[in-house]
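Here's the structure, in structure tokens; my notes come after.
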Amino acid sequence: MNAVLNLRIGATQLALEGERLPATMLDDMQRRYAAFVDGASSASTAMRITMSVRPGAPWLPLRTDAPLPLRTQRCGSCVTCVTPTEAGFFDLTQRRGRVVLRPHGNVENCLRVLVGWDAAQRGGLLLHASGVVRAAGAFVFFGPSGAGKSTVARLSAQWPVLSDDLVLIECTPTGYQACGVPFRGNEWTAPRLNLWAPLAGLLALEQAPRHARLPLPQGAAVARLVACTPFVTTCPQGAAMVMHAAAAMTAVAPVVRLQFRKDEHFWEVL
Amino acid sequence: MIHEATRVMWHAQAAARTVDNQALIVLTQRGEVLVLNASGTWLWNQLGEACSVRDLAARLAAHFHLTEARALTDVQQFVGDLLQIDAIMKEP
């Protein structure tokens, strides 16, 4: 019988099963995702994913001077995800999938895509954002690369930081909840907490000489959220789903522009 | 300059939604989001079915009370810009 690693990321339950994997790979994943291990993920709603390693040529050309190439497509209920070292297939309705790794592959590249699609189906968003939990709830700071997400996380280390890169926002019967995700790529940055908190604020980050909190019309807010939602907006069906989720989210949780310079006093304008 | 007889329609790779009277268009192949102003949103909503530049200009002139010459110039500019980024395409 193959070993199974059960994870829960937001509302997505995963049962990852290794098929002739190198002995250390599941152990490494167990350690890497320890905070997200969930004994209940064997439930019928869990996405069962078989992982295997197969040597061979890269599925996509790998360039060292460019971001990781990643192709995602959706056909019916199925999502595919291909990078140079991983090829994943997920059936979001049947709740099963397969990831084939090259020897140096990292299943995380496919899991991020899967969690993004799964959340969007539920009306949520996996956002390029940092998240900080305070008494009022979770403040989610989103923006493109270089906008200051990591800076916000670093300047807020006295409170629980959900992530400095990706934050999952789930649509639940009791409202929107911000959740941490375990994804961190190959480099250690901020901790990844398995924590849920009610969404207290959505903030579009802009670097500026002084701190200011400015309104953002809903149309622009949706556009900015969509632009910060990776993986799912690569095909029309996914883009439409994300726009629908972002429009619903901004109707109840307005987005504000946060202009900030790189010091901790930005909290004073929130 | 786009010819008046050119017929254009939404591109299959573009996904759009109108929020707060603004059309948001996700260009999935480019990974970009486009936000249109009021007249752009109105024009975009005409293109769910293929339409010639000439017809589009006539509709725009009638709706916004413009001269036909001004409307044609505006539509040619709009269509040219959106064709360039594959938000719309010529009717096959």
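Before moving on, here are some points about what is shown:
- At least 2 residues being modelled with pLDDT of 95 or more and more than 18 Å from residue A:227 (Cβ to Cβ) is the threshold, and among the strands (runs of 3 or more DSSP E) wholly inside the range A:98-186 those reaching it are A:125-134, A:137-142, A:166-172, A:175-179.
- Residue B:4 acidic (Asp, Glu) and within 14 Å of chain A (Cβ to nearest Cβ): no
- Selection of the range B:1-54 for residues being more than 12 Å from the chain's Cα centre (by Cα) and charged (D, E, K, R) yields B:4, B:17, B:20, B:30, B:32, B:54.
- Among residues of the range B:7-24, those that are in contact (Cβ under 8 Å) with a residue 40 or more places away in the chain and either at the interface with chain A (Cβ under 8 Å from one of its Cβ atoms) or assigned to a strand (DSSP E or B) (or both), counted: 7
- Which listed residue is part of a helix (DSSP H, G or I) and not β-branched (Val, Ile, Thr), from A:16, A:62, A:7, A:26: A:26
- Residue list for the range B:75-87, restricted to those being buried (at least 16 other Cβ atoms within 10 Å of the Cβ) and either assigned to a loop (DSSP other than H, G, I, E, B) or touching a strand residue (DSSP E or B) at 6+ places or on another chain (Cβ under 8 Å) (or both): B:79, B:82, B:83, B:87
- Looking at B:72, B:36, B:66, B:27, just one residue is crowded, with 18+ Cβ neighbours inside 10 Å and without any contact (Cβ under 8 Å) to a residue 40 or more places away in the chain, and that residue is B:36.
- Pick from the range B:39-49, criterion away from chain A (no Cβ under 14 Å) and among the polar types (S, T, N, Q), ranking: surrounded by the fewest Cβ atoms within 10 Å (Cβ to Cβ): B:45
Table: residues versus (1) more than 9 Å from chain B (Cβ to nearest Cβ); (2) farther than 21 Å from residue A:137 by Cα; (3) surrounded by fewer than 24 Cβ atoms within 10 Å (Cβ to Cβ).
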{"residue": "A:229", "(1), (2), (3)": "yes, yes, no"}
{"residue": "A:232", "(1), (2), (3)": "yes, yes, no"}
{"residue": "A:235", "(1), (2), (3)": "no, yes, yes"}
{"residue": "A:240", "(1), (2), (3)": "no, yes, yes"}
{"residue": "A:244", "(1), (2), (3)": "no, yes, yes"}
{"residue": "A:248", "(1), (2), (3)": "yes, no, yes"}
{"residue": "A:253", "(1), (2), (3)": "yes, no, yes"}
{"residue": "A:259", "(1), (2), (3)": "yes, no, yes"}
{"residue": "A:263", "(1), (2), (3)": "yes, yes, yes"}
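A quick yes/no check of all residues on (1) closer than 14 Å to residue A:231 by Cα; (2) without any contact (Cβ under 8 Å) to a residue 60 or more places away in the chain; (3) in contact with a strand residue (DSSP E or B) (Cβ under 7 Å, 6 or more places away or on another chain); (4) among the polar types (S, T, N, Q):
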position: A:38; (1), (2), (3), (4): no, yes, yes, no
position: A:52; (1), (2), (3), (4): no, yes, yes, yes
position: A:55; (1), (2), (3), (4): no, yes, no, no
position: A:92; (1), (2), (3), (4): no, yes, yes, no
position: A:95; (1), (2), (3), (4): no, yes, yes, no
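The values are calculated or read from the model by the stated rules, or taken from the named source; none is laboratory data. Please read all numbers here as calculations on a predicted model, not as lab measurements. Cβ atoms come from the backbone with ideal geometry, glycine included; neighbour counts cover every protein chain shown.
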